[in-house]
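K.L.:
Would you mind keeping the following structure in view while I ask a few things?
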Amino acid sequence: MFKIVTLHVNGKTFELNVKPNATLLQVLRDELGLTGTKEGCGTGECGACTVLLDGKPVTSCLVLAVQANNRKITTIEGIATSEEELHPVQRTLVEHGAIQCGYCTPGVVMRSITLVEKPEASSFTKDDIRDEMSGNLCRCTGYQKIVEAIYNYIQDKNKNETPEGRGV
Ligand code: FES
Ligand code: FES
């Protein structure tokens with residue numbers, strides 16, 4: 001038995017027949033070919049499958065596709081500002097050497113882009129960032145460079161938002 005779902009993914013709308021037990025992760029990867037979202041554990045532990053559901057980060061291996069019916073989904077393929085330009089958070093991670101094998105990176109990016117927009121982010125310490133990112137496991141980097149990249153991104157953002165930073 002299949003169910004019809006309507007998914008709004010990265011600004012496009014898809015109507016799909018899905019199994020009632022199909023996860024959002026499976027549908028994104030297998031039906032829509034959006035393989036940037038990775039499967040690590042499949043049990044909500046590693047964060048590799050993180051996408052935004054109505055703007056909030058979720059582990060897509062724990063969300064059924066039918067639960068995403070008529071909702072807005074953003075994947076790693078949907079965040080760049082243009083074909084040539086990375087999202088600024090992606091660029092920061094690259095510049096800080098926070099990417100090694102890259103398997104965790106899509107999930108790290110999706111979590112980070114919402115983290116840096118939190119109202120309280122401007123006062124986050126590195127420990128706060130570690131806590132915020134604790135649902136995203138990385139077996140390569142030891143986390144230090146990921147945390148530094150996000151911390152520095154927030155510091156730069158703070159500077160640019162002060163009157164001096166805006167050149168006012
Ligand atoms: S694959 Fe979803 S949390 Fe690991
Ligand atoms: S860069 Fe390899 S798992 Fe994070």
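K.L.:
Find the centroid of the Cα atoms in region 74-103 and in region 118-153, then give the distance between the two in whole Å.
P.N.:
Value for the Cα centre distance between the two parts: 16 Å.
K.L.:
Of all the accessible heavy-atom surface of region 28-136, with the other protein chains kept in place and a 1.4 Å probe, what percent is carbon and sulfur?
P.N.:
C and S fraction of accessible area: 45 percent.
K.L.:
Now a separate question. Say each of residue 16 and residue 120 gets a label point 7 Å from the Cα, pointing the same way as Cα to Cβ; how far apart are those two points in nm?
P.N.:
Once both label points are built, they end up 3.5 nm from each other.
K.L.:
Of the cross-linked pairs 19/145; 38/145; 38/157; 3/118, which ones have a Cα-Cα span greater than 31 Å in the structure shown?
P.N.:
Beyond 31 Å between Cα atoms: 19/145; 3/118.
K.L.:
So which residue, out of 46, 140, 104, gets the largest mean-square fluctuation from a GNM of the chain using Cα contacts under 10 Å as springs?
P.N.:
Maximum fluctuation in the GNM of the chain, among the listed residues, is at 140.
K.L.:
Still on this structure: Residue 140 to residue 56: extension gain in nm, 0.36 nm per residue of separation minus the Cα-Cα distance?
P.N.:
Going from the current span to full extension adds 27.6 nm.
K.L.:
Turning to a different aspect of this structure: Taking springs between alpha-carbon atoms closer than 10 angstrom, which of 36, 47, 142 fluctuates most in the Gaussian network model of the chain?
P.N.:
Comparing 36, 47, 142 in a Gaussian network model of the chain, the most mobile one is 142.
K.L.:
Contour minus end-to-end for residue 159 and residue 100, with contour as 0.36 nm per residue of separation and end-to-end as the Cα-Cα distance?
P.N.:
18.4 nm
K.L.:
Right, another one. Angle between the Cα long axis of helix 105-115 and the longest principal axis of the chain, 0 to 90 degrees, nearest 10?
P.N.:
Between the helix axis and the principal axis of the chain, the angle is about 60 degrees.
K.L.:
Right, something else. So what is the 222 nm mean residue ellipticity for the chain from helices alone, if each DSSP H run of at least 4 adds -39500 (n - 2.57) and you divide by all residues, rounding to the nearest 500 deg cm²/dmol?
P.N.:
Value at 222 nm, helices only: -8000 deg cm²/dmol.
K.L.:
How much accessible area per residue does region 35-96 have, in Å², with a 1.4 Å probe?
P.N.:
51
K.L.:
Please report, in debye to the nearest 20, how large the charge dipole of the chain is about its Cα centre when each Lys and Arg carries +1 at its beta carbon and each Asp and Glu carries -1 there.
P.N.:
Magnitude of the dipole: close to 340 debye.
The values are calculated or read from the model by the stated rules, or taken from the named source; none is laboratory data. These figures come from a predicted structure and were not determined experimentally. Heads up, the Cβs are rebuilt from the backbone with ideal geometry, glycines too, and the neighbour counts pull from every protein chain shown. What goes into the accessible areas is simple: the full protein's heavy atoms, side chains included, and nothing from ligands, DNA or RNA. Shrake-Rupley method; radii C 1.70, N 1.55, O 1.52, S 1.80 Å.
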